[in-house]
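Report on the following structure.
No lab work stands behind these numbers, since they all come straight from the coordinates. Everything numeric here is computed off the predicted structure, so don't read it as measured data. Here Cβ is always computed from backbone atoms with ideal geometry, including for glycine, and neighbour counts include all displayed protein chains.
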């Protein structure tokens, strides 16, 4: 026991001597980086791994060490847990600076909002996401197509494990909005088409109202807005348009109304007339029936305020025009001494006929109106309702003209009286003249003494 107690101090002395020898041979502390990178020992640059005296100040050269433009190492801290760039070597244990390796991930995209680049720890899984549709400007949008890599390249949600620098591209299809503004009944709305795609524009050539008496007739395609669309065949209801920008187009229609014109003994006219334009209504002024017996006389138009056989009507609505006619009959008057009232009369209208009562005659005879055969009329003035073709004959008879005869006899008597009176006066005058002559001659004779 005492012998063991005596050996203990000796053992401690030997240990102290041995430890001093060791320290005298290896007085430095091991310092390194993972991976091997430059270090600063008391401000002096050293290459990892290295050794430094106990109590020295060991620092990393840079917190980020670039291997290339797409790879780097980023300082994470010291193995003993210190996060500072510099540590004091106050222990003989190894000091190791830990770095993580990062690689550059570049995501390229036509949509700038989804372009990015990021440093990612090598071997980590990166999750990426984009929307299915992105509208960048009015009428311009991008539709997701695919990723150029990753676990799910055809989905908007993707993931990729990075073991090396990677350039990943998001592919999109650029689309433009095409708006079609059209009247009711025509295709209209908003659609999206891929850039430079040929879009078929199709509009109905006619749009009819429910009663089929009004319609819209296609005239042309028209581009609306500041950016004009190039439409190759604007007057065709079916044409194409290249989707090279947002466009708004509209089919232009002309409003038309159906005008039906009916004229007896003529084909029915059915015409589509543009709204506001004139329609020329035409009909004959008369339509012959049996020559010289009956006819139809134009009286006006049903469906329009027009009284002449030919005239214009402003079309502002559907029109159903019908030429109206009145039947007429010919009334003829057979009168040897003239008449009035012969001509055409509306059916049912009264005809007024006049013939002379006493048209004339010879010296002692005259012609006197004697009636209308078949008609109960004793007066030379006749009024009869016309219900069909009519021939009126005026009859005359001869009558002794007593007035004329009396006048002639009176004139003769007066002439005879005048004659005899003259003769008598002549005799008286002649007798008186003879007596006077004798008296004159007697006075001229000489008297006897």
Task: Using alpha-carbon coordinates, inclination of helix 402-444 to the longest axis of the chain, degrees - done: 50
- [ ] Give the label of the value calculated from the structure for Cα Rg over 2.2 N^0.38 Å, choosing from (i) 3.09; (ii) 1.17; (iii) 0.96.
- [x] (i)
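For residue 349 and residue 268, what is the calculated FRET efficiency with R₀ set at 30 Å and r taken between the beta-carbons, to the nearest 0.05? Don't skip to the answer; put the middle values down first.
On the way: r = 30 Å, r/R0 = 1.00.
Between residue 349 and residue 268 the formula returns 0.50.
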TODO: For region 112-264, build the convex hull from the C-alpha positions and give me its volume per residue in Å³.
DONE: 130
TODO: Bin all alpha-carbon pair distances of region 130-195 at 10 Å intervals from 0 and give each bin's fraction as a whole percent.
DONE: 19, 34, 24, 14, 7, 2, 0
Task: Cα-based radius of gyration of region 120-162 once divided by 2.2 N^0.38 Å, which approximates compact folds - done: 1.40
Task: Sequence ranges 383-393, 329-339, 268-278, ranked by mean other-Cβ count within 10 angstrom, highest first - done: 329-339, 383-393, 268-278
Open item on the list: Calculate the FRET efficiency for residue 414 and residue 365 from the Cβ-Cβ distance with a Förster distance of 22 Å, rounded to the nearest 0.05.
Closed with: 0.45
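Over its Cα atoms, what ratio of radius of gyration to 2.2 N^0.38 Å does region 330-403 give? All intermediate terms of the calculation are to be shown ahead of the outcome.
Values: Rg = 13.6 Å, N = 74, 2.2 N^0.38 = 11.3 Å.
For region 330-403, the normalised Cα radius of gyration is 1.21.
Peptides 41-48, 320-327: what's the order by average Cβ count within 10 Å, highest mean first?
Values: 41-48: 13.0, 320-327: 17.0.
Taking the mean over residues of other Cβ atoms within 10 Å, the ranking is 320-327, 41-48.
Using square roots of five times the C-alpha gyration tensor eigenvalues, list the equivalent-ellipsoid semi-axes of region 93-142 in whole Å, biggest first. Don't skip to the end; give the middle numbers.
Values: eigenvalues 297, 18, 9 Å².
Square roots of five times the eigenvalues give 39, 10, 7 Å.
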- [ ] Using a 10 angstrom cutoff on alpha carbons, build the Gaussian network for the chain and name the most mobile of 149, 77, 311.
- [x] 77
Task: Estimated 222 nm signal from helices in the chain, with DSSP H stretches of n ≥ 4 weighted -39500 (n - 2.57), rounded to 500 - done: -5500 deg cm²/dmol
